[in-house]
Ligand SMILES: C[S@@+](CC[C@H](N)C(=O)[O-])C[C@H]1O[C@@H](n2cnc3c(N)ncnc32)[C@H](O)[C@@H]1O
């Protein structure tokens, strides 16, 4: 049968593949947008807005944390060359906002690009710099540090979006999207 060509191994390789492109807006590295990624980004934006609206109404005085353990570079470029935001920049841009942000990325090149893009938005939107933490390294190792920065019972939205099966830490059994 034709579909047996796409066995687990092929799928695994596809999951790990990412095409890097130069972003026409800022000349930095972005990821090429795949159709399933576009759906993910629409979904995650809706989730972030819904969660923030509900949580802000219920706990108006609490901080609202956003944690992205596999942040990437913050942007995507479509087949036609237009740009769209990745999960960390969506979190910084949505209308009803989080108050605190924690971004983890383990690839140096991606981390540096993310740092620049986050820095620009933070400045443009007057987001307090102290409320935005960028952590370079393995999510599995840094999870303790991230969680230590969040007080018990403060609302927290955690997004885990590895390429494949990079997540090993059993302390993070939360919603996972594999790109
Ligand atoms: C699918 S991309 C994330 C895309 C991002 N969530 C978005 O929507 O814009 C996965 C990212 O996780 C990073 N990554 C892979 N293993 C990691 C690890 N163990 N710790 C932290 N980041 C990791 C990769 O370098 C890549 O940038």
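Look through the range 145-163, keep the residues that are in a loop (DSSP other than H, G, I, E, B) and more than 8 Å from the ligand (Cβ to nearest atom), and return whichever of them is nearest to residue 106 (Cα to Cα). Filtering the range 145-163 for residues that are in a loop (DSSP other than H, G, I, E, B) and more than 8 Å from the ligand (Cβ to nearest atom), the one nearest to residue 106 (Cα to Cα) comes out as 149. For residue 97, indicate whether it is without any contact (Cβ under 8 Å) to a residue 12 or more places away in the chain and within 26 Å of residue 148 (Cβ to Cβ). Criteria not met by residue 97. Would you confirm, using the coordinates I've provided, whether residue 118 is touching a helix residue (DSSP H, G or I) at 6+ places or on another chain (Cβ under 7 Å), touching a residue at least 40 places away in the same chain (Cβ under 8 Å) and not in a helix (DSSP H, G or I)? So residue 118 does not fit the description; no. The numbered conditions (1) out of contact with any helix residue (DSSP H, G or I) (no Cβ under 7 Å at 6 or more places or on another chain); (2) over 26 Å from residue 42 (Cβ atoms); (3) surrounded by fewer than 16 Cβ atoms within 10 Å (Cβ to Cβ) are all true for residue 129 except (1).
Are any of the residues in the range 48-58 in contact with a helix residue (DSSP H, G or I) (Cβ under 8 Å, 6 or more places away or on another chain), within 12 Å of the ligand (Cβ to nearest atom), at pLDDT 95 or above and not in a loop (DSSP other than H, G, I, E, B)? Looking for residues that are in contact with a helix residue (DSSP H, G or I) (Cβ under 8 Å, 6 or more places away or on another chain), within 12 Å of the ligand (Cβ to nearest atom), at pLDDT 95 or above and not in a loop (DSSP other than H, G, I, E, B), one finds at least one in the range 48-58, hence yes.
The values are calculated or read from the model by the stated rules, or taken from the named source; none is laboratory data. These numbers come from a predicted model, not from an experiment. Virtual Cβ from ideal backbone geometry, glycine too; neighbours counted across all protein chains shown.
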